[in-house]
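Enquirer: One structure is given below, represented as structure tokens, and several questions about it will come after.
Rule-based calculations on the coordinates, nothing more; no lab input. What you see is a predicted model; the values in this text were computed from it and never measured. With ideal geometry, Cβ positions are generated from the backbone for all residues, glycine too; neighbour counts draw on all protein chains shown.
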Amino acid sequence: MTFKGLGQWSQTTLESSVPTKKKILIQLDCDDHASVFDGVVAIDAGVDHLFQYSGVRPPEVRGLIHGAMFTRGPADLHSTAIFVGGSDVSIGHEIASAARSVLFDPFRVSIMFDSNGCNSTAAAAVLSAAKHVELASGKSLVLAATGAVGQAVCTLITSLGGQVIVGSRSVARAEETIEKLGHLGVPIAGLAPLGIEDESSLRIALQEATAVFACGAAGVELLSSDLLSAGVNLRAAIDLNAVPPAGLFGIGVTDKSLQRGNRFDYGALGVGGLKMKIHKHAIQQLFTGNNHFIDAHEMMKIGRSILSA
Ligand SMILES: NC(=O)c1ccc[n+]([C@@H]2O[C@H](COP(=O)([O-])OP(=O)(O)OC[C@H]3O[C@@H](n4cnc5c(N)ncnc54)[C@H](OP(=O)(O)O)[C@@H]3O)[C@@H](O)[C@H]2O)c1
């Protein structure tokens with residue numbers, strides 16, 4: 001697809017009386033192979049044509065976005081949208097930000113940012129916990145908060161006004177993550193770093209927390225049975241790891257609002273159903289206008305409307 005200049009637009013405008021344009025989703029992915037998962041969800045969400053670009057880097061975004069902006073007339077641009085994915089959330093942030101900076105009126109297209117499913121997963125996790133605990137007034141412990149999903153969980157809880165203990169095996173990485181979130185515009189006053197290998201600090205954090213989110217890499221146990229039982233005030237425990245062993249000892253992958261004592265437990269598949277609905281609805285929302293930017297916050301709104309429907 002090449003940018004042929006604004007002259008083409010006037011011609012395209014005449015053609016825009018054709019009632020329906022095909023929905024085109026342009027997938028910008030930083031990995032060597034664009035995510036198959038994201039491609040399948042896009043088609044299942046009703047996208048007619050999926051253009052997948054892999055190995056995308058921020059300097060290349062301008063040309064790709066121009067191709068989306070100037071081929072259809074402004075009245076039809078709601079039928080073209082951008083999906084930013086890939087496993088590296090930092091590059092994803094840069095791609096999304098580069099894409100937004102290229103757009104101007106009236107040649108806008110909607111953008112969804114969900115690198116590695118981080119935002120849709122985090123929105124589903126936070127909304128699941130919020131069914132059982134007031135996150136705004138409590139303290140949440142986010143384990144492995146340095147990853148893509150963990151960072152998005154911290155962002156969303158902070159946006160609700162809640163306090164967050166940002167857990168990592170390394171307190172330095174926890175501090176770096178808080179700094180990184182600050183650079184992204186997240187208010188960081190309510191974020192406190194924790195190195196989880198300091199067991200006494202971890203136990204204190206567990207006693208203070210009303211919700212715990214395990215956002216560790218697949219197949220990694222973050223809390224043993226003994227440590228999890230130190231969480232006497234926990235009302236929600238969310239484990240996003242689907243690969244055995246569980247991230248939180250004893251939580252089953254299909255647990256969904258499963259009550260154990262005072263605590264409601266969710267495993268990865270227990271959260272995954274809502275995540276998939278949010279992901280699909282977000283894709284559909286892209287095509288309802290040409291000016292949407294769907295990030296973690298927008299996905300929370302989408303998730304809330306799904307839950308209240
Ligand atoms: N349910 C769903 O729908 C869904 C969707 C997407 C992702 N997920 C799952 O959500 C989880 C988080 O995803 P992600 O992409 O953010 O994960 P990730 O980037 O691969 O890892 C997150 C963090 O895990 C910690 N970690 C890595 N290796 C470890 C090890 N060997 N031992 C202990 N900790 C380790 C690291 O934190 P520190 O180095 O700071 O300790 C890392 O930053 C994954 O389990 C993923 O499969 C679930």
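Enquirer: Please figure out what share of the DSSP beta bridges in the range 120-271 is antiparallel and state it in percent, rounded to the nearest 5.
Expert: Restricted to the range 120-271, the bridges split so that about 15 percent are antiparallel.
Enquirer: Can you list residues from other chains, or at least 5 along the same chain, whose modelled amide H is less than 5 Å from the amide H of LYS256?
Expert: Long-range HN contacts for LYS256: GLY267.
Enquirer: Here's a follow-up. Does the range 120-271 come out rounded, prolate or oblate, given a ≥ b ≥ c as the square roots of the eigenvalues of its C-alpha gyration tensor, rounded meaning a/c under 1.5 and, failing that, prolate meaning a/b above b/c?
Expert: Working: a/c = 1.40, a/b = 1.28, b/c = 1.09.
Rounded shape, in that the Cα axes give a/c under 1.5.
Enquirer: How big is the shadow of the Cα convex hull of the chain, averaged over all directions, in nm²?
Expert: Across all orientations, the chain yields a mean hull projection of 15.8 nm².
Enquirer: Separate question: Mind checking which aspartates and glutamates have their Cα closer than 14 Å to the Cα of LYS256? Skip sequence neighbours fewer than 8 apart in that chain.
Expert: LYS256 reaches ASP239, ASP265.
Enquirer: Also: What FRET efficiency would be calculated for the residue pair GLU197, SER229, taking the C-beta separation as r and a Förster radius of 25 Å, to the nearest 0.05?
Expert: Here the calculated transfer efficiency is 0.85.
Enquirer: Once you've got the Cα coordinates, tell me which of LYS21/LYS277; LYS280/LYS301; LYS21/LYS301 are over 18 Å apart.
Expert: On the way: LYS21/LYS277 25 Å; LYS280/LYS301 14 Å; LYS21/LYS301 27 Å.
Pairs exceeding 18 Å: LYS21/LYS277; LYS21/LYS301.
Enquirer: Continuing with the same structure: For the chain, set up a GNM with springs between Cα atoms under 10 Å and report which of THR155, THR288, THR146 has the largest fluctuation.
Expert: THR288
Enquirer: With a 10 Å cut-off between alpha carbons and a GNM built on the chain, which of ASP226, ASP38, ASP48 moves the most?
Expert: ASP226
Enquirer: Could you check the simple spin-label distance between ARG100 and ASP44, using points 7 Å along Cα→Cβ, in nm with one decimal?
Expert: About 2.8 nm separates the two model spin labels.
Enquirer: Taking square-rooted eigenvalues a ≥ b ≥ c of the alpha carbon gyration tensor, is the range 7-113 rounded, prolate or oblate, where a/c under 1.5 means rounded and, failing that, a/b exceeding b/c means prolate?
Expert: Because a/c hits 1.5 or more and a/b fails to exceed b/c, the range 7-113 counts as oblate.
Enquirer: Per-residue ellipticity at 222 nm for the chain, helices alone: DSSP H runs ≥ 4 residues times -39500 (n - 2.57), over residue total, nearest 500 deg cm²/dmol?
Expert: When only DSSP H runs of four or more count, the value is -12500 deg cm²/dmol.
Enquirer: Using the count of nearby Cβ atoms within 10 Å as a rough guide to exposure, how do GLU197, GLU94 rank from fewest to most?
Expert: Ordered from fewest to most neighbouring Cβ atoms within 10 Å, GLU197, GLU94 come out as GLU197, GLU94.
Enquirer: Among VAL220, VAL153, VAL61, which comes first, then next, by fewest other beta-carbon atoms within 10 Å? Don't jump to the answer; show the numbers that get you there.
Expert: Values: VAL220 15, VAL153 32, VAL61 23.
Ascending number of Cβ neighbours within 10 Å: VAL220, VAL61, VAL153.
Enquirer: Calculate the FRET efficiency for ILE306 and SER137 from the Cβ-Cβ distance with a Förster distance of 22 Å, rounded to the nearest 0.05.
Expert: 0.35
Enquirer: Given the chain, what percent of its DSSP beta bridges are antiparallel, to the nearest 5?
Expert: 10 percent
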